[in-house]
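A short reminder: the numbers here are calculations on the coordinates, not readings from a lab. Note that the coordinates shown come from a computational prediction; the quantities given were computed from them, not determined experimentally. Ideal geometry is used to build each Cβ from the backbone, glycine not excepted, and the neighbour counts take in all protein chains shown.
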């Protein structure tokens with residue numbers, strides 16, 4: 001008798017289908033699955049991913065924890081769409097692989113690993129904000145999700161053995177896809193963490209630079225255009241003399257927010273390099289606080305919720321500065337510095353001299369992150385019984401002018417006078433006569449500050465930006481009288497260093513050594529780590545003064 005021939009293809013296909021449904025494994029076939037179960041599973045996955053993305057986004061943006069719930073709710077429709085689309089594509093892929101003869105276990109493992117990678121990439125894309133620390137936090141969250149998946153696999157196997165009376169096959173069948181899921185999450189976390197690391201830039205020693213000489217003072221005025229100065233000069237002898245200095249229109253500062261513009265002036269590089277950029281903050285469901293999200297997350301949430309009025313997009317500056325300012329470069333070269341209120345000076349960093357950051361200047365803060373110890377009492381005294389930020393900053397400016405005049409030897413002074421800008425923002429839309437009367441005392445403080453610095457032997461530079469309309473300009477007592485050609489805002493830092501006898505900064509974008517230029521290293525470390533609530537306080541200060549657009 002001849003041996004039986006091989007089974008026909010339809011018979012083999014039927015056998016695999018029966019095995020997949022559980023008819024050949026003994027016992028009864030599984031109960032019919034409800035049609036609502038896939039929807040419930042998709043909703044659970046979407047909610048989990050929305051929660052993970054919300055935690056990552058809030059942590060990356062250093063936002064208050066109270067935003068976790070509204071952020072997760074805002075992400076939910078986005079993650080639900082991603083889950084439904086991913087499930088549909090996975091189902092099509094699974095049917096295709098099974099039709100080609102792939103084993104069900106292999107198909108499950110492949111889809112599990114692909115799902116893990118998709119989740120990792122999705123969380124990074126949704127939660128990847130502009131903060132410099134976000135890769136580290138994303139890596140931590142992905143690693144935690146991988147550990148949670150491993151723990152769930154262990155619990156599932158243990159329950160399968162205990163409850164199924166030794167039949168652990170169902171638990172083992174889901175273990176391989178889950179392990180691949182966890183492995184892909186862990187691998188993604190490792191890659192993100194490694195990508196976030198960058199070698200520390202060496203800090204040059206003071207001996208690497210020429211000996212500083214001279215006394216230079218830079219006065220930054222917000223809310224003053226060239227046309228405003230000419231108009232004010234008609235009624236003020238001191239300002240009339242300043243209006244006669246040589247001056248030039250200022251170009252290249254860019255941006256609408258003072259923090260961004262003045263940091264560009266102070267660092268001598270564009271916002272992309274120094275890190276204090278204009279960000280779009282998303283406020284969800286009427287919340288007072290907002291999130292600075294990455295481009296993908298912001299676009300997704302705006303598309304999902306703006307038609308319903310659930311989101312509002314406003315502009316705010318980033319708070320992480322990555323490039324040194326001209327006073328930090330001068331300090332690194334051994335020149336004492338005195339800094340008052342310049343945007344980008346918070347948190348206070350270790351320099352040779354004294355610093356009162358914009359938080360002290362505009363809000364009277366005296367913490368170690370806001371002011372150096374030598375100026376804490378000065379800030380407290382100036383803000384005692386002070387009605388507003390305009391008056392407080394003026395008082396501090398005159399106090400620091402007195403200190404600058406009393407100092408001996410080389411000195412770099414950087415003073416910011418934001419009172420004109422603060423008053424114009426507060427009185428926007430009011431009668432012009434009332435506005436002119438409100439600005440008069442602050443213009444007088446500007447004239448007194450410049451006159452005091454000149455009397456102290458400083459070469460004074462005035463940099464002014466209008467609040468809205470008008471010509472931004474730079475003027476100096478050392479320039480020949482009259483109007484000069486336009487000046488790029490990024491060239492001023494090198495000019496002020498040259499006035500101190502120091503080389504211009506090498507911005508790192510040239511190859512090889514450049515004569516007359518030097519590297520000044522990264523920004524100095526903070527004098528003290530800002531407290532956890534400092535970022536929220538800083539945002540509140542920006543909001544109260546109208547610097548959140």
Peptides 233-240, 303-310, 390-397 ordered by average Cβ neighbours within 10 Å, highest first: 390-397, 233-240, 303-310
Value of D in µm² per second that Stokes-Einstein yields for the range 430-489, Kirkwood Rh from Cα pairs, at 25 °C (0.890 mPa s): 178 µm²/s
Compactness index (Cα Rg / 2.2 N^0.38 Å), the range 336-475: 1.05
At q = 0.12, 0.24, 0.25 Å⁻¹, base-10 log of I(q)/I(0) for the range 263-313 (Debye sum, equal scatterers on each alpha carbon): -0.36, -0.82, -0.86
The range 355-373-the range 263-314 distance, computed between alpha-carbon centres (Å): 26 Å
Extended-chain gain in nm, criterion 0.36 nm per residue less alpha-carbon gap, residue 479 and residue 368: 36.1 nm
Peptides ranked, highest mean first, by Cβ atoms within 10 Å: ranges 449-456, 338-345: 338-345, 449-456
Spacing of the two label points (7 Å from each Cα toward its C-beta) at residue 320 and residue 94, in nm: 3.9 nm
Order of 520, 458 - criterion: other Cβ atoms within 10 Å of each residue's Cβ, fewest first: 458, 520
Estimated translational D of the range 392-500 in µm²/s (Stokes, Kirkwood radius over Cα pairs; 20 °C; 1.002 mPa s): 137 µm²/s
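Give me the compactness ratio for the range 464-506, meaning the Cα radius of gyration over 2.2 N^0.38 Å.
Compactness ratio reported: 1.35.
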Whether the range 370-444 is rounded, prolate or oblate, judged on the alpha carbon gyration tensor where a/c under 1.5 counts as rounded: prolate
Cα-based Rg and Dmax for the range 37-101, where Dmax is the largest Cα-Cα distance (Å): 15.4, 52
